[in-house]
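The values are calculated or read from the model by the stated rules, or taken from the named source; none is laboratory data. Here the structure is a predicted model, which is why all the values come from computation and not from measurement. Don't worry about glycine lacking a Cβ; one is built from the backbone with ideal geometry, like all the others, and counts go over all protein chains shown. What goes into the accessible areas is simple: the full protein's heavy atoms, side chains included, and nothing from ligands, DNA or RNA. Shrake-Rupley method; radii C 1.70, N 1.55, O 1.52, S 1.80 Å.
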Amino acid sequence: MMNNVSSEYAKALFSICTEQDKIDEYADCLEQINNAISQQPEYLEYLFSPAEPLSNRLNAIDEAFSSVPTHILCFLKLLCENGRIRELPSLIEDFFELKKIHENSITAFVTSAIELSDDQKQRLEEKLRTTYNKNIVSIYNIEPSLLGGMKIEIDGKTLDGSVFKKLSLIKGAMNG
């Protein structure tokens, strides 16, 4: 089961690779990284060590992972900068859990004006699961400009129930 921190990082990385349609490429890359760090666990400790200047640790990531996609390289550096690099193995595990779910599902990109509660997310995902008869992988974003409501992009369709969209429709009708 995913812990909150590694889950959020894994979801962010998974979101990036989904948007770029590079799930398999990222998965292969993460598998290679996981194999490398499992063979040399002291490497993660070095990358985490506050005794070593951050610039040296970031340079070490550049050197060790120069062949990985730019987004993964930046992601590894972000983990190092945020003191989360030790969580890389569980993050990779969470990524593969998301991949497994994704392979039997469709992704819903949900954008709302405010953060949805866990209950709201659960009800929305259940409704989408029933409507599409598939597992749903939801990626949530907040966009205050929607003013209220939400916009859902799923299965090549956009469902826009935002207040901004409704106001735009009213404005269009008034301008005739």
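Structural remarks
- Segment 30-78, subset among the acidic types (D, E) and part of a helix (DSSP H, G or I), residue least open to solvent (accessible area, probe 1.4 Å): D62
- Looking across E19, E25, one residue alone is under 20 Å from F96 (Cβ atoms), surrounded by 14 or more Cβ atoms within 10 Å (Cβ to Cβ) and out of contact with any helix residue (DSSP H, G or I) (no Cβ under 7 Å at 6 or more places or on another chain). It is E25.
- Output for segment 1-16, where each listed residue is open to solvent by 40 Å² or more (accessible area, probe 1.4 Å) and not hydrophobic (A, V, I, L, M, F, W, C): N3, N4, E8, Y9, K11
- Condition check for L169: assigned to a helix (DSSP H, G or I), within 15 Å of K11 (Cβ to Cβ) and either free of Cβ contacts under 8 Å to residues at least 24 places away in the same chain or touching a Lys or Arg at 6+ places or on another chain (Cβ under 8 Å) (or both): no
- S162 being open to solvent by 50 Å² or more (accessible area, probe 1.4 Å) and either touching a residue at least 12 places away in the same chain (Cβ under 8 Å) or acidic (D, E) (or both): no
- Selection of first residues in segment 121-140 that are more than 23 Å from I16 (Cα to Cα) and of second residues that are in a strand (DSSP E or B) and hydroxyl-bearing (S, T, Y), restricted to Cβ pairs under 6 Å at least 6 apart or on distinct chains, gives an empty result.
- For I106: the one exception among (1) open to solvent by less than 50 Å² (accessible area, probe 1.4 Å); (2) assigned to a helix (DSSP H, G or I): (2)
Per-residue answers, yes or no, for (1) in contact with a helix residue (DSSP H, G or I) (Cβ under 9 Å, 6 or more places away or on another chain); (2) of a type outside the set (S, T, N, Q); (3) on the phi > 0 side of the Ramachandran plot:
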site: E93; (1), (2), (3): yes, yes, no
site: H102; (1), (2), (3): yes, yes, no
site: L116; (1), (2), (3): yes, yes, no
site: E126; (1), (2), (3): no, yes, no
site: T158; (1), (2), (3): no, no, no
site: F164; (1), (2), (3): yes, yes, no
site: S168; (1), (2), (3): no, no, no
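- Filter result for E115 (surrounded by fewer than 16 Cβ atoms within 10 Å (Cβ to Cβ), out of contact with any Gly (no Cβ under 6 Å at 6 or more places or on another chain) and modelled with pLDDT under 90): no
- Which listed residue, of K100, K157, is within 30 Å of Y43 (Cβ to Cβ), open to solvent by 90 Å² or more (accessible area, probe 1.4 Å) and under 21 Å from the mean Cα position of the chain (by Cα): K100
- Of the listed requirements (1) open to solvent by 80 Å² or more (accessible area, probe 1.4 Å); (2) at pLDDT below 90; (3) in a helix (DSSP H, G or I), S145 misses just one: (1).
- Qualifying residue in segment 83-94 (condition: more than 28 Å from E25 (Cβ to Cβ) and open to solvent by 20 Å² or more (accessible area, probe 1.4 Å)): no
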